[in-house]
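Okay, structure first, notes after.
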Amino acid sequence: MPDQHQPTDRRATRLMIEGNVQGVGFRNWTQKLAGQLGLSGWVRNRRDGSVEILFCGTSEAIQSAIGRCRVGPRSAKVTELTATEEPFAEYQGFDILPGL
């Protein structure tokens, strides 16, 4: 019998976000957003100036996060967002990883 407390539509989505997205608080903003939406996963800066995010959680929460990431924090200027479905993985919390 499925656990009544665990949503059944859990999934994972990787985002690549380009534009003026480093040095503007994007990673901390993303970590706070994930907490508000009940998402787990991670965020990190990449050498090419983009930000990479892995959100794990319900479809509804991930769609909400994607919509908000299209804008980002106040000082960011998002020019491109690419979302790719990933195999679901269970993460404890939402981490800011070292850059790649």
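Summary of values
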{"item": "More than 21 angstrom apart: percent of Cα pairs within the stretch 10-88", "result": "17 percent"}
{"item": "Computed helical MRE - 222 nm, the chain, DSSP H runs ≥ 4 contributing -39500 (n - 2.57), nearest 500", "result": "-7000 deg cm²/dmol"}
{"item": "Relative contact order (percent, whole number), the chain, Cα cutoff 8 Å, 6+ residue spacing", "result": "43 percent"}
{"item": "Derived scalar couplings ³J(HN,Hα) [the stretch 49-58; Karplus, 6.51 cos²θ - 1.76 cosθ + 1.60; whole Hz; x for Gly, Pro]", "result": "x, 8, 10, 10, 10, 10, 9, 10, x, 6"}
{"item": "I66-Y91 pseudo-label distance in nm [points 7 Å out on the Cα-to-Cβ vector]", "result": "1.7 nm"}
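Laboratory data are not the source of any read-out in this text; all were calculated from the coordinates shown. For clarity, every value in this text was computed on a predicted model and none was experimentally measured. Counting neighbours? That spans all protein chains shown, and the Cβs are built from the backbone with ideal geometry, glycine included.
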